[in-house]
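Trainee: One structure is given below, represented as structure tokens, and several questions about it will come after.
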Amino acid sequence: MPTEVIYNRIAMLRAERGVSRRQLAEALGVHYQTVGYLERGEYSPSLHLALRIATYFEVAVEVVFATAPFPRIGSETG
């Protein structure tokens, strides 16, 4: 059974706010490499970690994570 992919906007949110992987990891209490694994989709967060990430960025969890790829910025048609 294939593993389910969880898509995320962690890298985009970090860039918008000028937060490094290490800073985010320290705030969340995880190793900085975990943030990299999350961003690349190599690791799916627990629900608890997903909620903590959303809380850190002060957005709804759906803004950070999805089960389908996020549309590319500026790719709207029409």
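Trainee: Of the residues in the range 13-42, how many are without any contact (Cβ under 8 Å) to a residue 12 or more places away in the chain, closer than 21 Å to Ala60 by Cβ and either assigned to a loop (DSSP other than H, G, I, E, B) or among the aliphatic types (A, V, I, L, M) (or both)?
Mentor: Adding up the residues that qualify gives 2.
Trainee: Looking only at residues in the range 56-78 that are open to solvent by 100 Å² or more (accessible area, probe 1.4 Å) and of a type in the set (S, T, N, Q), which one is nearest to Ile10 (Cα to Cα)?
Mentor: Once the filter is applied, the top-ranked residue is Thr67.
Trainee: Can we say Ala54 is at pLDDT 95 or above and within 9 Å of the chain's Cα centre (by Cα)?
Mentor: yes
Trainee: Just checking, does the range 64-73 include any residue being closer than 17 Å to Tyr7 by Cα, under 10 Å from the mean Cα position of the chain (by Cα) and part of a helix (DSSP H, G or I)?
Mentor: yes
Trainee: Then there is this: With Arg22, Arg9, Arg14, Arg40 as the choices, which residue is over 11 Å from the mean Cα position of the chain (by Cα) and either surrounded by fewer than 17 Cβ atoms within 10 Å (Cβ to Cβ) or of a type outside the set (Asp, Glu) (or both)?
Mentor: Of Arg22, Arg9, Arg14, Arg40, the one residue that is over 11 Å from the mean Cα position of the chain (by Cα) and either surrounded by fewer than 17 Cβ atoms within 10 Å (Cβ to Cβ) or of a type outside the set (Asp, Glu) (or both) is Arg22.
The values are calculated or read from the model by the stated rules, or taken from the named source; none is laboratory data. What you see is a predicted model, and the numbers here were worked out from it, not measured in a lab. Please note: Cβ atoms are built from the backbone with ideal geometry, for glycine as well, and neighbour counts cover all protein chains shown. Note: accessible area is taken over every heavy atom of the protein model, side chains too, but ligands, DNA and RNA are not part of it. Shrake-Rupley method; radii C 1.70, N 1.55, O 1.52, S 1.80 Å.
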